[in-house]
1. For segment B:68-83, name all the residues that are in contact with a strand residue (DSSP E or B) (Cβ under 9 Å, 6 or more places away or on another chain) and open to solvent by 50 Å² or more (accessible area, probe 1.4 Å).
2. Could you tell me which residue of segment B:11-43 is farthest from B:Pro106 (Cα to Cα), considering only residues that are open to solvent by 30 Å² or more (accessible area, probe 1.4 Å), at pLDDT 95 or above and part of a strand (DSSP E or B)?
3. For A:Ser93, work out the one condition from (1) in a loop (DSSP other than H, G, I, E, B); (2) within 14 Å of chain B (Cβ to nearest Cβ) it doesn't fulfil.
4. For residues that are more than 19 Å from B:Glu17 (Cα to Cα) and either open to solvent by 40 Å² or more (accessible area, probe 1.4 Å) or part of a loop (DSSP other than H, G, I, E, B) (or both), tally how many sit in segment B:53-67.
5. All but one of (1) assigned to a loop (DSSP other than H, G, I, E, B); (2) surrounded by 14 or more Cβ atoms within 10 Å (Cβ to Cβ) hold for B:Ile49, so report the exception by its number.
6. For segment A:28-51, give me each residue that is farther than 21 Å from A:Glu79 by Cα and loosely packed, with under 14 Cβ neighbours inside 10 Å.
7. Among the residues of segment A:81-94, write down those that are open to solvent by 60 Å² or more (accessible area, probe 1.4 Å) and touching a strand residue (DSSP E or B) at 6+ places or on another chain (Cβ under 7 Å).
8. Pick from A:Leu112, A:Leu45, A:Leu60: which is touching a Pro at 6+ places or on another chain (Cβ under 9 Å) and either over 21 Å from B:Gly42 (Cα atoms) or modelled with pLDDT under 95 (or both)?
Amino acid sequence: EADIYQTPRYLVIGTGKKITLECSQTMGHDKMYWYQQDPGMELHLIHYSYGVNSTEKGDLSSESTVSRIRTEHFPLTLESARPSHTSQYLCASSRTGDQPQHFGDGTRLSIL
Amino acid sequence: SQQGEEDPQALSIQEGENATMNCSYKTSINNLQWYRQNSGRGLVHLILIRSNEREKHSGRLRVTLDTSKKSSSLLITASRAADTASYFCAGNQFYFGTGTSLTVIP
């Protein structure tokens, strides 16, 4: 079903490490998004992109960065992981801003 | 929530019954979308209703939209155990509600 892929699926890592979460889509979508979601809770927008070389901050963008060098690839980087970063991270893409979003299955991140 | 709330937060029904979830949002919208999320997975898009539409159907799903009240409802008819999931509404691209957790008991 998914044409959007996130790796790793699970990651357990120590405090202070630099982490990059990968997200790739094969649909040629211009719009891509990163969300943070705690179990059973709402989604919070971290970053989004309208296309190559375009990135915007969401409501929860502190302590992380993104890049969009290629249409299909939208990695999220945490420069120095902290226990407060423990959460699920969801990547999504859409053809336009008003069109449905396609989600990956997420990366479940645990910072010790 | 930045955008809105779903109600109820949790719903438990017997297989074959109908399930109704409500969504209220805060700002004006171009469209409203409903998504389903199975445990441990990403969200899956179910249905989109535009601001000039009042009702939309897709299979066992019926969505209504009342822009004057800034609210929407999702009705799932003849529920199945496989419908067990969390359901989210989203307006204006990337503002999702708090979700309704639906459990369908076989």
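1. B:Lys69, B:Lys70, B:Arg80, B:Ala82
2. So, considering only residues that are open to solvent by 30 Å² or more (accessible area, probe 1.4 Å), at pLDDT 95 or above and part of a strand (DSSP E or B), the one farthest from B:Pro106 (Cα to Cα) is B:Asn22.
3. Status for A:Ser93: all satisfied but (1).
4. Residues flagged as more than 19 Å from B:Glu17 (Cα to Cα) and either open to solvent by 40 Å² or more (accessible area, probe 1.4 Å) or part of a loop (DSSP other than H, G, I, E, B) (or both) within segment B:53-67 amount to 6.
5. Checking B:Ile49 against (1) assigned to a loop (DSSP other than H, G, I, E, B); (2) surrounded by 14 or more Cβ atoms within 10 Å (Cβ to Cβ), the one that fails is (1).
6. Hits for segment A:28-51 are A:Gly28, A:Pro39, A:Gly40, A:Gly51.
7. Answer for segment A:81-94, where residues must be open to solvent by 60 Å² or more (accessible area, probe 1.4 Å) and touching a strand residue (DSSP E or B) at 6+ places or on another chain (Cβ under 7 Å): A:Arg82, A:Pro83.
8. Being touching a Pro at 6+ places or on another chain (Cβ under 9 Å) and either over 21 Å from B:Gly42 (Cα atoms) or modelled with pLDDT under 95 (or both) holds for just one of A:Leu112, A:Leu45, A:Leu60, which is A:Leu112.
The values are calculated or read from the model by the stated rules, or taken from the named source; none is laboratory data. Quick caveat: nothing in here was measured; it's all calculated off a predicted structure. As a convention, Cβ positions derive from the backbone with ideal geometry for all residues, glycine included, and neighbour counts pool all protein chains shown. Side chains are part of the model used for accessible areas, which takes the heavy atoms of the whole protein and leaves out ligands, DNA and RNA. Shrake-Rupley method; radii C 1.70, N 1.55, O 1.52, S 1.80 Å.
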